[in-house]
1. Taking the stretch 101-117 only, how many residues are assigned to a loop (DSSP other than H, G, I, E, B) and either at pLDDT 95 or above or closer than 12 Å to L233 by Cβ (or both)?
2. If you go through the stretch 83-92 one residue at a time, do you hit one that is assigned to a helix (DSSP H, G or I), under 30 Å from L23 (Cα atoms), among the aliphatic types (A, V, I, L, M) and touching an Asp or Glu at 6+ places or on another chain (Cβ under 8 Å)?
3. Is at least one residue of the stretch 25-39 part of a helix (DSSP H, G or I) and either touching a Ser or Thr at 6+ places or on another chain (Cβ under 8 Å) or at pLDDT below 95 (or both)?
4. Does A260 satisfy the condition of being more than 23 Å from V283 (Cα to Cα) and surrounded by fewer than 22 Cβ atoms within 10 Å (Cβ to Cβ)?
5. Just one of (1) farther than 25 Å from D86 by Cβ; (2) in contact with a Leu (Cβ under 6 Å, 6 or more places away or on another chain) trips up H167, so point out which.
6. Would you point out the residue of the stretch 107-160, among those that are under 21 Å from A24 (Cβ atoms) and of a type in the set (D, E), that is nearest to the chain's Cα centre (by Cα)?
7. On the given criteria, is W157 over 30 Å from S296 (Cβ atoms), among the hydrophobic types (A, V, I, L, M, F, W, C), surrounded by 15 or more Cβ atoms within 10 Å (Cβ to Cβ) and in contact with a Lys or Arg (Cβ under 6 Å, 6 or more places away or on another chain)?
8. Can you tell me how many residues within the stretch 189-232 are closer than 18 Å to P277 by Cβ, under 14 Å from the mean Cα position of the chain (by Cα) and assigned to a strand (DSSP E or B)?
Amino acid sequence: MKTLRQFAGSFATRGGIVLMRVLATLPLCWTRAMGAALGRVLFVLVGSRRRVVQVNLSLCFPERSEAERRQLAKQAFVCFAQAFLDRAWLWHAPRQWVRQRVRLTGAVHELAGSGSTVIFLPHFVGLDAAWAGVALTVPRLSTTIYTDQSNQLADQWILRGRQRFGHLRLFGRIDGVKPIVAALRQGQPLYLLPDMDFGRKDSVFVPFYGIATATVPSLSRFARLGGAKVVPLLPRLTATGYEVRVLPAWDDFPGDDLVADTALMNARLQDYIASMPAQYFWVHKRFKTRPEGAPSLY
């Protein structure tokens, strides 16, 4: 039975990758229309994940009416599905198409040179466009931390896609901190995506939308260890593709207190989310890990 399930899973994965290769040849407006339709269907059919999104939005935006939060949840599903289908052209379309559709804007000079740099890349739906935008514009070897997928075919597809344009080196979590810090000190920018619930271990509880939230203090820790500046990178899904905005380096980070730094990161992330709330990764159980004795929010 297990072998049969594995075969069925492998067959479905291969079929999905073939479909994405076909989608890569279509006009962007077609792909986005399909993504919008898929998002609406998922909102209706995937009740468990819809409830996660609705709980997240009720916790983070209590000032909005229930109708407003429901509409925002629908928009979040649409953006999520559109960004997922955009992987087709990001990972398979001609390089020139990607150049035309992904624009790197803002303080791009922050990514130049060879100084130690930690890139704060929050979980907005366009994060895969962010890799591509930087790789196509800034020919500088970068690194990030990657968690292996249980489906090996999907894992290989994701790895090839994210490394398509070169300049991105992936460390596994089992590699530990030392090689990551060594690369950072050698001038290889480190992409960090620390705004997810990675469990109680190594996390600190700091406010996020006024809720004590388990957050890994890795942004402050790596900036300290690598003597690095922190540069936020904000990918925004647009009608013509993506705008990947590079913000100026934070001039007050890291400080002397790891917990205070992590709270500051969350506060600034809230400001970034306010500029495009439907494009944040609300499908994740961000408040799953609770302080001792606190009830579950899901």
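The values are calculated or read from the model by the stated rules, or taken from the named source; none is laboratory data. Just so you know, these numbers come straight off a predicted model, no measurement behind them. Counting neighbours? That spans all protein chains shown, and the Cβs are built from the backbone with ideal geometry, glycine included.
1. Taking the stretch 101-117 first, the residues assigned to a loop (DSSP other than H, G, I, E, B) are 107, 112-116.
The next check asks that each one be either at pLDDT 95 or above or closer than 12 Å to L233 by Cβ (or both); those that pass are 107.
Qualifying residue count, the stretch 101-117: 1.
2. Within the stretch 83-92, the subset assigned to a helix (DSSP H, G or I) is 83-92.
Retained after the next criterion (residues that are under 30 Å from L23 (Cα atoms)): 83-92.
Still in the running and among the aliphatic types (A, V, I, L, M): 83, 85, 88, 90.
Filter once more, keeping what is touching an Asp or Glu at 6+ places or on another chain (Cβ under 8 Å): 83, 90.
Yes, the conditions are met somewhere in the stretch 83-92.
3. Step one: filter the stretch 25-39 for residues part of a helix (DSSP H, G or I), giving 28-39.
With the extra rule that they be either touching a Ser or Thr at 6+ places or on another chain (Cβ under 8 Å) or at pLDDT below 95 (or both), the set shrinks to 28.
Among the residues of the stretch 25-39, at least one is part of a helix (DSSP H, G or I) and either touching a Ser or Thr at 6+ places or on another chain (Cβ under 8 Å) or at pLDDT below 95 (or both), which makes the answer yes.
4. Working: more than 23 Å from V283 (Cα to Cα): yes; surrounded by fewer than 22 Cβ atoms within 10 Å (Cβ to Cβ): yes.
Taking the combined requirement at face value, the residue satisfies it.
5. Evaluating H167 over (1) farther than 25 Å from D86 by Cβ; (2) in contact with a Leu (Cβ under 6 Å, 6 or more places away or on another chain) leaves (1) as the failure.
6. Taking the candidates together, the pick is D128.
7. On the way: over 30 Å from S296 (Cβ atoms): yes; among the hydrophobic types (A, V, I, L, M, F, W, C): yes; surrounded by 15 or more Cβ atoms within 10 Å (Cβ to Cβ): yes; in contact with a Lys or Arg (Cβ under 6 Å, 6 or more places away or on another chain): no.
It is false that W157 is over 30 Å from S296 (Cβ atoms), among the hydrophobic types (A, V, I, L, M, F, W, C), surrounded by 15 or more Cβ atoms within 10 Å (Cβ to Cβ) and in contact with a Lys or Arg (Cβ under 6 Å, 6 or more places away or on another chain).
8. So the answer is 1.
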